[in-house]
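Remarks on the structure that follows.
The values are calculated or read from the model by the stated rules, or taken from the named source; none is laboratory data. Quick caveat, the model's predicted, so the values are computed rather than measured. No Cβ is skipped: glycine too gets one built from the backbone with ideal geometry, and neighbour counts run over all protein chains shown. Just the protein is used for accessible areas: all its heavy atoms, side chains included, with ligands, DNA and RNA removed. Shrake-Rupley method; radii C 1.70, N 1.55, O 1.52, S 1.80 Å.
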Amino acid sequence: MSNWLEHSVQIEVEIPIEQVWELWSDLKEMPKWMKWIDSVEILDDDPNLSRWKLVSGGFQFTWISKILKVVPNQIIQWESVNGLPNRGAIRFYDRQGSSIVRLTIAYSIPGWLGKLMDNLFLGQIVESTILEDLKRFKNYALKKNKNRI
């Protein structure tokens with residue numbers, strides 16, 4: 001039996017929501033701001049499926065994710081269909097020329113090990129890493145926006 005551990009972080013990005021949405025929606029670019037993501041490949045036979053590769057400290061995990069829900073400028077929701085069990089959503093909130101980006105990630109770890117690891121350190125590592133990812137995304141988005149002007 002496994003436990004699902006969930007973490008959410010958010011950041012404000014000082015550019016319009018349409019631009020934030022456009023940048024985040026380009027999944028293949030995610031390794032530019034997500035530390036542990038080595039590559040994202042959209043599958044040719046189904047654009048709602050993508051192959052992800054996570055690399056960290058000598059560990060490597062892969063999985064196929066399926067997009068479950070897309071509401072432009074509001075939400076992208078996904079879950080893995082094989083490989084590393086995970087699911088989540090990225091939500092976008094319009095703040096009139098600025099945007100709030102909220103990332104929620106959940107992943108499955110075997111029962112007692114998951115509780116022990118989450119209580120000890122894993123949760124803190126994951127949350128700090130995805131918060132840093134959002135900070136890198138913010139810098140990436142601001143730089144891209146500046147280049148548009």
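Checked across the stretch 27-44, the condition of being in a strand (DSSP E or B) and crowded, with 17+ Cβ neighbours inside 10 Å holds for at least one residue.
Restricting 79, 22 to residues that are open to solvent by 60 Å² or more (accessible area, probe 1.4 Å), part of a strand (DSSP E or B) and acidic (Asp, Glu) narrows the list to 79. Checking each residue in the stretch 106-128 for being under 19 Å from residue 31 (Cβ atoms), at pLDDT 85 or above and open to solvent by less than 20 Å² (accessible area, probe 1.4 Å) picks out no residue at all. Of the residues in the stretch 52-73, at least one is in contact with a Phe, Trp or Tyr (Cβ under 9 Å, 6 or more places away or on another chain), more than 17 Å from residue 133 (Cα to Cα) and touching a residue at least 24 places away in the same chain (Cβ under 8 Å).
Return yes when residue 15 is over 13 Å from the mean Cα position of the chain (by Cα), in a loop (DSSP other than H, G, I, E, B) and touching a residue at least 24 places away in the same chain (Cβ under 8 Å) and no when it is not. Taking the combined requirement at face value, the residue satisfies it.
When 103, 54, 131, 142 are checked against the criterion of being open to solvent by 20 Å² or more (accessible area, probe 1.4 Å), under 13 Å from the mean Cα position of the chain (by Cα), under 23 Å from residue 15 (Cβ atoms) and modelled with pLDDT of 85 or more, 131 stands alone in meeting it. Scanning the stretch 82-110 for residues that are outside any strand (DSSP E or B) and without any contact (Cβ under 8 Å) to a residue 40 or more places away in the chain gives 84, 96. In the stretch 123-149, the residues that are under 12 Å from residue 34 (Cα atoms) reach residues that are in a helix (DSSP H, G or I) and of a type in the set (Asp, Glu) with C-beta atoms within less than 9 angstrom, at least six apart or across chains, in these pairs: 126/118; 140/29.
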